[in-house]
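These notes concern the structure reproduced below.
Just so it is clear, none of the values below were taken in a lab; they were calculated from the coordinates. Fair warning: this is a prediction, and the values are worked out from it, not measured in the lab. Cβ sites come from the backbone with ideal geometry, for glycine too, and all protein chains shown count toward neighbours.
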Amino acid sequence: MAALRVVGIAGSFNRPSKTYVLVEDVADRAARRYGFERTVYDLSDVGPSLGSALWRKDLDDQAKGVIDAVVSADALIVGSPTYKGSYPGLFKHLIDLIDPGELRAKPIIITATGGGDRHALMVEHQLRPLFGFFMSHTLPTAVYGSDRDFENYKVSSEALSERIGEVVSELAAFFPAGDAILAAAE
Ligand SMILES: Cc1cc2nc3c(=O)[nH]c(=O)nc-3n(C[C@H](O)[C@H](O)[C@H](O)COP(=O)(O)O)c2cc1C
């Protein structure tokens with residue numbers, strides 16, 4: 001049987017990127033616990049055709065490949081940097097090219113990063129309603145990290161790490177076999 005796949009998509013084109021490492025950290029921990037294959041993309045992986053595409057058919061094969069991976073994932077981890085209190089326009093443009101039914105009922109972990117704590121609720125006020133539109137299953141715990149939660153582009157704070165652990169545990173509602181993997185490893 002083919003392995004289940006978790007896909008991360010970070011809405012940043014920066015390299016290195018705090019959002020990318022946050023998504024990657026969640027993906028790694030989910031992959032370990034549930035035996036997922038995991039792939040993480042950022043907006044640079046989507047490539048330059050995103051900015052000029054009015055429709056999905058205008059994207060080049062590279063960008064289409066990323067969208068195909070996102071919509072066919074068994075579980076999705078979405079991460080966005082906070083720009084002006086919300087997600088960046090280019091990230092929203094990527095999401096706008098996904099058809100309404102393509103993320104329906106998909107388990108999605110929502111994460112974001114920002115410079116400080118002022119916009120920490122952007123995960124609840126911006127990202128959660130966006131995936132509510134798609135009728136996705138956003139996991140109850142949303143994860144937000146600010147500059148002080150990272151050191152050398154690695155998750156460094158205990159609080160952020162704990163929150164990642166909580167949301168990864170919540171995936172067990174969708175992938176109960178993951179608990180068997182965990183029990184076997186202990
Ligand atoms: C154009 C722009 C707008 C930003 N607006 C906010 C903001 O409103 N609130 C905030 O906390 N951080 C803001 N930031 C900081 C970024 O959200 C923060 O540095 C983020 O972690 C960058 O993610 P990355 O390293 O993945 O690119 C902004 C940064 C840029 C470039």
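Please list 1-14, 118-131, 74-87 highest first by mean number of surrounding beta-carbon atoms within 10 Å per residue. Could you put the intermediate results ahead of the total?
Numbers: 1-14: 19.6, 118-131: 17.2, 74-87: 21.9.
Ranked from most to least packed, the peptides come out as 74-87, 1-14, 118-131.
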Note to self: Can you work out the Karplus-derived ³J(HN,Hα) for every residue in the range 100-105? Use 6.51 cos²θ - 1.76 cosθ + 1.60 with θ = phi - 60°, whole Hz, and x for glycine or proline.
What the structure shows: x, x, 6, 10, 4, 6
Note to self: If I stretch the segment between Gln62 and Glu102 completely, what's the gain in nm (0.36 nm per residue apart, minus their alpha carbon distance), one decimal?
What the structure shows: 12.5 nm
Notebook entry, point to check: What residues qualify as long-range amide H neighbours of Ser80, i.e. H under 5 Å apart, gap of 5 or more or another chain, H built at 1.01 Å from N?
Noted result: Gly11, Thr111, Ala112, Thr113
Note to self: Suppose R0 equals 35 Å. What FRET efficiency, 1/(1 + (r/R0)^6) with r the Cβ-Cβ distance, do Ala3 and Asp117 give to the nearest 0.05?
What the structure shows: 0.40
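Please find the FRET efficiency linking Lys92 to Arg32, where r is the Cβ-Cβ separation and R0 is fixed at 45 Å, and quote it to the nearest 0.05. If you can, show how the numbers build up before the last one.
Details: r = 31 Å, r/R0 = 0.69.
FRET efficiency, Lys92 to Arg32: 0.90.
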Notebook entry, point to check: About the Cα centre of the chain, what is the dipole size in debye to 20, counting +1 per Lys and Arg Cβ and -1 per Asp and Glu Cβ, all else neutral?
Noted result: 320
Check: When the gyration tensor of the range 47-101 is built from Cα positions, what are the square roots of 5 times its three eigenvalues, in whole Å, from largest to smallest?
Finding: 18, 16, 10
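In cubic angstrom, how much convex hull volume per residue do the alpha carbon atoms of the range 1-47 span? All intermediate terms of the calculation are to be shown ahead of the outcome.
Numbers: hull volume 2.6 nm³, N = 47.
Convex hull of Cα atoms, per residue: 56 Å³.
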Notebook entry, point to check: What is the chain's relative contact order, in percent, from Cα pairs under 8 angstrom and six or more apart in sequence?
Noted result: 23
Item checked: Semi-axes of the equivalent ellipsoid for the range 114-170, Cα gyration tensor, largest first, Å -> 22, 15, 8
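Exceeding 21 Å between C-alpha atoms, which entries from my cross-link table qualify? They are Lys57/Lys84; Lys64/Lys92; Lys64/Lys84; Lys92/Lys154. Please list the in-between numbers first.
Numbers: Lys57/Lys84 30 Å; Lys64/Lys92 16 Å; Lys64/Lys84 28 Å; Lys92/Lys154 25 Å.
Too far apart for the 21 Å limit: Lys57/Lys84; Lys64/Lys84; Lys92/Lys154.
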Notebook entry, point to check: Using bins 5 angstrom wide from zero, how does P(r) for the range 91-186 break down, in % of all Cα pairs?
Noted result: 3, 12, 18, 20, 18, 16, 10, 4, 0
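With 10 angstrom as the radius, rank Arg33, Arg15 by how many other C-beta atoms surround their C-beta, starting from the fewest. Intermediate values should be presented prior to the final figure.
On the way: Arg33 19, Arg15 9.
By the 10 Å Cβ count, ascending, the order reads Arg15, Arg33.
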Item checked: Size of charge dipole - the range 89-170 - debye, nearest 20, with Cβ of Lys, Arg +1 and Asp, Glu -1, no other charges -> 200
Notebook entry, point to check: Hey, in the GNM for the chain with a 10 angstrom Cα cutoff, which one of Glu158, Glu102, Glu37 fluctuates hardest?
Noted result: Glu158
Next item on the list: For the range 5-173, restrict the atom set to alpha-carbon positions and state the Rg and Dmax in Å.
Entry: 14.7, 43
Next item on the list: Give the span of the range 10-104's Cα atoms along each principal axis, as three whole-Å numbers ordered largest to smallest.
Entry: 39, 29, 22
Next item on the list: Positive end of the charge dipole of the chain (Lys, Arg +1 and Asp, Glu -1 on Cβ, about the Cα centre): tell me which of Ala69, Val6, His125 has its Cα farthest that way.
Entry: His125
Next item on the list: Could you pull out every residue, at least 5 positions away or on a different chain, whose amide H is within less than 5 Å of the one on Gly8? Hs are placed 1.01 Å off N in the peptide plane, and Pro or chain starts have none.
Entry: Thr39, Val40, Tyr41, Ile77
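Give me Val71, Val155, Val168 sorted ascending by neighbouring Cβ count inside 10 Å, so fewest comes first. Numbers along the way, then the final one.
Numbers: Val71 15, Val155 20, Val168 25.
Ranked by crowding around the Cβ, least crowded first: Val71, Val155, Val168.
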Check: Of Pro16, Ala31, Tyr83, which is farthest on the positive side of the dipole of the range 5-173, counting Cα position, with +1 on Lys and Arg Cβ, -1 on Asp and Glu Cβ, and the Cα centre as origin?
Finding: Tyr83
